[in-house]
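Okay, so here's the structure we're looking at.
Rule-based calculations on the coordinates, nothing more; no lab input. All figures in this text were calculated on a predicted structure; none of them were measured in a lab. Using ideal geometry, Cβ is built from the backbone for each residue, glycine included, and neighbour counts are taken over all protein chains shown.
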Amino acid sequence: MAHSVYRVCDVAIIGPYVLRVRFDDDTERSIDFEPVLAGELYGPLRDQSVFAQVRIDPEVHTLQWPNGADFDPETLHDWPLYAEALAELARRWAAAAAA
């Protein structure tokens, strides 16, 4: 199965937990990350000051946060295909942490 390779070229915070991401193929996507911010890696991004530290990794051209959280650029590019599955994982992580 082929895996598309995309590079994030620009990112802007446009709302609480929402980023506008532009890719090297000129696709632009607004992504609401709130539903997936749970667990050990992504949970800390619920702190708005941490979330706001998003940067484009210059080596792999994806979004990255200071705590090491990142997403595959293809996942970001095709977010509607992955959003529900990622949100379900986040719900499981939250439930496990609450147990």
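Residue by residue, what Karplus-based ³J(HN,Hα) values in Hz, rounded to whole numbers, does region 4-10 have, using 6.51, -1.76 and 1.60 with θ = phi - 60° and x for Gly and Pro?
Rounded to whole hertz, the list is 5, 10, 10, 10, 6, 9, 7.
Please sort by residue number the GluC sites (Glu not before Pro) in region 45-90 whose DSSP state is loop and whose Cβ has at most 15 other Cβ atoms within 10 Å. Before the final figure, lay out the partial values.
Numbers: sites: E59, E74, E84, E88; in loops: E59.
Those that pass, being in a loop and sparsely packed, are E59.
If all Cα-Cα distances of region 8-98 are sorted into 10 Å bins from 0 onward, what percent lands in each bin, rounded to whole numbers?
All Cα pairs, binned at 10 Å, distribute as 17, 52, 28, 3, 0 percent.
With +1 assigned to the C-beta of every Lys and Arg and -1 to the C-beta of every Asp and Glu, and no other charges, what is the dipole magnitude of the chain about the Cα centre in debye, to the nearest 20? Spell out each step's value before the answer.
On the way: 8 positive and 17 negative charges, 68 e Å.
With Lys and Arg at +1 and Asp and Glu at -1, about 320 debye.
Modelling each spin label as a point 7 Å along the Cα-to-Cβ direction, I'd like the V60/A83 distance in nm, to one decimal.
2.4
If you filter region 1-76 for trypsin sites (Lys or Arg not before Pro), then keep DSSP loop positions with at most 16 other Cβ within 10 Å, what is left? Walk me through the numbers on the way to the answer.
Working: sites: R7, R20, R22, R29, R46, R55; in loops: R7.
Answer by residue number: R7.
At 222 nm, what helix-only mean residue ellipticity would the chain give, in deg cm²/dmol to the nearest 500, using -39500 (n - 2.57) for each DSSP H run of four or more? Don't skip to the answer; put the middle values down first.
Working: 4 runs with 33 residues, N = 99.
About -9000 deg cm²/dmol.
Among I13, I56, which comes first, then next, by fewest other beta-carbon atoms within 10 Å? The partial results should precede the final answer.
On the way: I13 13, I56 17.
Going from sparsest to densest Cβ surroundings: I13, I56.
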